[in-house]
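Asker: I am attaching a structure below and will ask some questions about it afterwards.
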Amino acid sequence: MFRQRPPRPDLLASALATVLLCLSFTPSLLPRGWILQGAVSGLCAATGYALGCLPRLVLGRRPAGRWAWPVFAALAVPATVLMAYRGWLWQWEISRAMGAGGPSAAGWLGVLPLAGLLCAALVGAAALRRRAAVPLVAVGLAVAGVLVAGLPPALSTSLDGRVTALAAPAAGTRSGSPASLVSWDSLGRQGRAFVTGSSAVRHGTAPIRVYAGWRTAPDNRSRARLAVAELRRTGAFDRRVVCLVVPTGSGWIDEPTVAALEDELDGDTAVAAVQYAALPSWLALATEPESAESAAADLIDEVRRTLVTRPAGQRPRLLLYGHSLGALAAQAPFDTAGGLLGAVDGALISGSPPNSPLRTRLRDGSARPAVRFAAGAADLDVAADPVTSPRVLYLEHPTDPVVRWSPDLVARRPDWLRRPSGAVRWWPVVTFWQVTGDLLRAQDVPAGYGHRYGAEARAAWHLLLGAEPPAVLAGSG
């Protein structure tokens, strides 16, 4: 038996927990299933309870009146059930708008029990000490296990769905082939998926794909030099376009976007990438943020060294592509749009996290006509701006949580919600947990929503390639 009695619940904290629990059912960027909704609701309720306990730390505990708890229960229970039901309807509305199926009614019945269990585990573990906290911590871990088991598609955001048992390419235009300077074994899972990938379209010229994996060389500069050596070996600098790709933290590259470029130019392309980490993007960003920036800068620098040795009329067009953490890294070496366009002839940045200094400056109104922000296919029509085609193109879905997430959501209304967007509203604390939950669904939605940009890639490349390339590589004299 435990000697320490569980603490009595606090009325104010319970009331605030209930308010945040009810608000957690309001819509956010993406649809949520019952497990994810239960997790978001439980976290909101636990945070609300913690905030509601703060006055007690200053003023001390004030006993509730005789009828306080019955009145609270009479109001809280029907309000919570009503909001849970309304939340189910909201999720169906969002799902239908995206062309997806909504959560089942039977599954949704588990939302409130899961939220209550998670909230109780978190609050109890924080409130109790020593042995009394052990069973509640165990419950919390069990809930976490259920969440992990129930969300495999979301947790594989940066992973390729294909198996790793792939055969090395036979074509000399691919890294890892018998003719390659890069061994098949050193490419890693994502590198193998990239060099063996191909479009369903048959091209007039075989596209070149070059990849230097994490284990290919000891540092970013060495990997960049090896990638350039591979580009020379394959004849990449005689192609119409050389595109440098900055992958995500795990080395993953969005296959539909690369294939779209190859389709647009009938295979007269060379695409090169260097892996700078072997961790999921969020871990790579937390543990080695400078590695991604240096990898992008080193690869661009090494390619430019080769390009300036070629006559001006015999240089391929140099493009830069970054997605997700790769988008952040691709922008990092540059302070201005002019700096970026002094290094490459064009850039496609999709699903960029919001904390890029360059993106922030351009978003704040200092963008040149050569820069365009596109929210979807409607913004990619060449006829939309017949005067100027952009040389830097940002693709940012309004429903992409990677673009919208920020710690500031806890206490500050973001600029993108200054005006309410449909049923989406900003609520302190709640919106933070909702968008955090949306991150887990960012890839698990239909194309054209969330963090999936492959559907617009062909139009994006077409728009970028419509811009006139400079006659001489900038900075080459």
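The values are calculated or read from the model by the stated rules, or taken from the named source; none is laboratory data. Small disclaimer: the values here were computed from a predicted structure and weren't measured. Positions of Cβ are generated from backbone atoms using ideal geometry, with glycine treated the same way; all protein chains shown enter the neighbour counts. The area values use the complete protein model at the heavy-atom level, side chains included, leaving out ligands, DNA and RNA. Shrake-Rupley method; radii C 1.70, N 1.55, O 1.52, S 1.80 Å.
Asker: Ignoring ligands, DNA and RNA, what percent of the accessible area of region 206-326 is carbon or sulfur (1.4 Å)? Don't jump to the answer; show the numbers that get you there.
Answerer: Details: 2090 of 4030 Å².
Carbon with sulfur: 52 percent of the solvent-accessible area.
Asker: Express in Å², to the nearest 10, the accessible area of Ser183 obtained by rolling a 1.4 Å probe over the protein heavy atoms while all chains stay in place.
Answerer: For Ser183, solvent-accessible area is about 60 Å².
Asker: Which residues' amide hydrogens lie under 5 Å from the amide hydrogen of Gly450, considering only partners 5 or more residues apart or on another chain, with H built in the peptide plane?
Answerer: Amide H to amide H, under 5 Å and 5 or more residues apart or across chains, Gly450 pairs with Thr399, Asp400.
Asker: Would you work out what percent of the accessible area of region 52-120, with all protein chains in place, is carbon or sulfur (probe 1.4 Å)?
Answerer: Working: 3160 of 4310 Å².
Here carbon and sulfur together make up 73 percent of the probe-accessible area.
Asker: What are the ³J(HN,Hα) couplings of region 390-404, residue after residue, when phi is run through the Karplus curve with 6.51, -1.76, 1.60 and θ = phi - 60°? Round to Hz, x for glycine and proline.
Answerer: x, 9, 10, 10, 9, 9, 9, 5, x, 9, 8, x, 5, 6, 9
Asker: Separate question: Separation between the Ala79 and Arg8 pseudo-spin-labels, each 7 Å from Cα along Cα→Cβ, expressed in nm?
Answerer: 2.2
Asker: According to a simple spin-label model (label point 7 Å from Cα along Cα-to-Cβ), what is the distance in nm between Arg419 and Arg215?
Answerer: 5.3
Asker: Round to the nearest 0.05 the FRET efficiency obtained for Ser222 and Leu109 when R0 = 41 Å and r is the Cβ-Cβ distance. The partial results should precede the final answer.
Answerer: Numbers: r = 56 Å, r/R0 = 1.37.
Rounded to the nearest 0.05, the efficiency is 0.15.
Asker: Taking every pair of Cα atoms in region 171-319, average 1/r, invert it to obtain the Kirkwood radius, and report Rg/Rh to two decimals. Walk me through the numbers on the way to the answer.
Answerer: Numbers: Rg = 14.4 Å, Rh = 15.2 Å.
Expressed as Rg/Rh, it is 0.95.
Asker: Which cross-chain or sequence-distant (5 or more) residues have an amide H under 5 Å from the amide H of Leu320, H modelled 1.01 Å from N in plane?
Answerer: Leu244, Gly346, Ala347, Leu348
Asker: Hey, can you grab everything whose amide H is under 5 Å from the amide H of Trp426? Only 5+ residues off in sequence or another chain; H modelled, so Pro and N-termini drop out.
Answerer: Those qualifying (amide H under 5 Å, at least 5 residues apart or on another chain) number zero.
Asker: Another question, if that's okay. For region 49-109, what is the accessible area per residue in Å² when the probe is 1.4 Å?
Answerer: Working: 4080 Å² over 61 residues.
The answer is 67 Å² per residue.
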